[in-house]
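**Student:** One structure, pasted below without further comment.
We did not get these values from a lab; they are worked out from the coordinates using the rules stated. Values in this document were obtained by computation on a predicted structure and should not be read as measured data. Note that each Cβ is placed from the backbone with ideal geometry, even for glycine, and that neighbours are counted across all protein chains shown.
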Amino acid sequence: MKRIVILVIASVLAVSCNDFLDMQPTRSANASQAIGTPDDAQVALNGIMRSLTGASLYGRNLMLYGDVRGGDLTIYSAGRGLDGLYSFNHSATSNSFGGFWSEGFFVLMQVNNLIENIRSLQDEGKTGFNQHLGMALTVRAMLTFDLVRLYGRPYTQDPTALGIPDVRRTLSAEETLGRVTVGENYAAILDDLREGESLLAADKAQKKGYPGYYANLALQARVSLFMADYDTALSRAKAVIAGPFTLYEPANWCASWAQQWGSESIFELGVDSEADLTTSSLGYYYMCYHFAGLTTAMGWFLASDYFLNRLGEDPDDVRWGVMGIDESVEKGESLNRQGACYKYVGGAPALGDGKETRTAVNIKLIRLSEMYLIAAEAALNAKTPDAQAAAGYLNEIRRRSPNLAPATAATVSDDMILDERSKELFGEGHRFFDQIRRGRSIEFNDDFQDVPVSGRQKVITPDYQRNILPIPQSEIHANPVIAKQQNPGY
């Protein structure tokens, strides 16, 4: 695995005085040489957080992936960029989106360097590293979880299928690891999360921009949901709900997107002007120039008719407040099609979240509303189902649609919960994974484009081969073990 193993920490960041990333880069450093104190570990952790905000990871493409491929987004014209996510027109050499693999394993190597050096220092009797180690283990679990969802079949579909290499240690440049099973990947993820939980439990206070104790529990809830371990998902979600977070009142929900570190934010990544992707940012890919005179923001991806119909079940749903007219208005095809999304520019009309540029908004990776929706689904599907509890959790989020009748024990269903997840988590990268893990087919709004889509059918099934990405050709060339383990169809 030569492309993976040669990666070391390429940059670290200084620690600011306000308990968050100062975002000022220092000299490149190898963790094995640079970490000797808890302050050094914090600097390395800052570098890891910065790496996660890159365009190939949570700064853009990982967030786009779930909604573009999940049918909640569509494209108006092909060829603008990243529309291979929509067409599924992948091969190992073209539209492979290999940045997921290369950047993902790059960060895993950063994390492994940090973890191994902390463990070495602890073996020498040095203390003060538990929080840093707990956070690093949580990040490793989160990134491993997302990578195995990109390259391996859903756990609920086939845990014996190939996942990704089990990379939980630094590797020499000559090592060539193969892929392990999806089930083995998930076991490693849970091991990291449980150890991380025990280390973070001593200090449960929120640390802005880092995955603390409650972020760890929230990730356990998310991972357990994807394993259909509903009882564990419910217990972890309930623990987070009982924590220090509060749901926004419906009237305040839209304004929350112009805030950093809000009351629903369990884990968000800090983005400032240095990490701002500007016209290549997630915000620009979702919005349209009709707002705020942003003539360069076309909105490469727009809400599909299917999503708009779902949200349109209640014209007074407060979540319409982060939507805006899209470019179909200019083409005369609609007078007021609200297909542009403004979550990642601070809401409509692109206020930002208090920084110099409107596109340098923090990325909200885990929000409290997701925990209520996990609790609803898990309660409904637990070993001892509790439809009344499921309806109660769902209704806390459904309050954002004031004209919809509350769910009851008699009416609550998986489809109702999945629809609410779509409306609440739109643009945050969940829809595709939710549909596939529950065995749902996905229909695409292909008739909205001016050019026919090639590379897939209008409706795909959960077993469609290109639901998972190809291992990029660069890795195939570098690693003869991986070369024998390419995903089917590529």
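**Student:** If you filter the range 357-412 for trypsin sites (Lys or Arg not before Pro), then keep DSSP loop positions with at most 16 other Cβ within 10 Å, what is left?
**Tutor:** Details: sites: 358, 364, 367, 383, 398, 399, 400; in loops: 358, 383, 399, 400.
Taking the range 357-412 and a limit of 16 other Cβ atoms within 10 Å, the loop trypsin sites (Lys or Arg not before Pro) found are 383, 399.
**Student:** If the reach is capped at under 27 angstrom between alpha carbons, list the lysines near residue 204, excluding any in the same chain fewer than eight residues apart.
**Tutor:** Partners within reach: 126, 238, 364.
**Student:** Rounding to the nearest 10 and keeping the result within 0 to 90°, find how far the Cα-based axis of helix 38-52 lies from the longest principal axis of the chain.
**Tutor:** The helix 38-52 is inclined about 40 degrees to the chain.
**Student:** What is the helix-to-structure angle for 130-151, meaning the angle in degrees between its Cα long axis and the longest Cα principal axis of the chain, kept from 0 to 90 and rounded to the nearest 10?
**Tutor:** With rounding to tens, the tilt is 50 degrees.
**Student:** Give the angle, between 0 and 90 degrees and rounded to the nearest 10, that separates the Cα long axis of helix 182-200 from the longest principal axis of the Cα atoms of the chain.
**Tutor:** Tilt of helix 182-200: around 70 degrees.
**Student:** When you count, for each residue, the other Cβ atoms within 10 Å and take the mean per peptide, how do 127-139, 302-314 rank with the highest first?
**Tutor:** Details: 127-139: 22.2, 302-314: 18.5.
Ranked by mean Cβ neighbours within 10 Å, highest first: 127-139, 302-314.
**Student:** How much length, in nm to one decimal, is gained on full extension between residue 419 and residue 357, taken as 0.36 nm per residue of separation minus their Cα-Cα distance?
**Tutor:** 19.0 nm
**Student:** Want the number for residue 102 to residue 176: 0.36 nm per residue separation, take away the alpha-carbon distance, what's left?
**Tutor:** Value of the extension gain: 25.2 nm.
**Student:** Output the relative contact order of the chain, whole-number percent, from Cα pairs under 8 angstrom with separation of 6+ residues.
**Tutor:** Value for the chain: 21 percent.
**Student:** Return, ordered by residue number, the residues of the range 201-245 whose backbone nitrogen is under 13 Å from a label point located 7 Å along Cα→Cβ of residue 252.
**Tutor:** Under 13 Å, as judged by backbone N against the label point of residue 252, lie 245 of the range 201-245.
**Student:** In whole Å, what is the distance between the alpha-carbon centres of the range 410-449 and the range 307-378?
**Tutor:** Comparing the Cα centres of the range 410-449 and the range 307-378, I get a distance of 16 Å.
**Student:** 7 Å from Cα along Cα→Cβ at both residue 403 and residue 484: what's the point-to-point distance in nm?
**Tutor:** 6.2
**Student:** Between 357, 375, 341, whose Cα lies farthest towards the positive end of the dipole of the range 316-396 when Lys and Arg beta carbons carry +1 and Asp and Glu beta carbons carry -1, centred on the Cα centre?
**Tutor:** 357
**Student:** In debye, nearest 20, what is the charge dipole magnitude of the range 74-147 about its Cα centre with +1 on Lys and Arg Cβ and -1 on Asp and Glu Cβ, if you could check?
**Tutor:** For the range 74-147, the charge dipole is close to 80 debye.
**Student:** Run the dipole for the chain about the Cα centre, Lys and Arg Cβ at +1, Asp and Glu Cβ at -1, nothing else charged, and hand back the magnitude in debye, nearest 20.
**Tutor:** Around 560 debye, computed over the chain.
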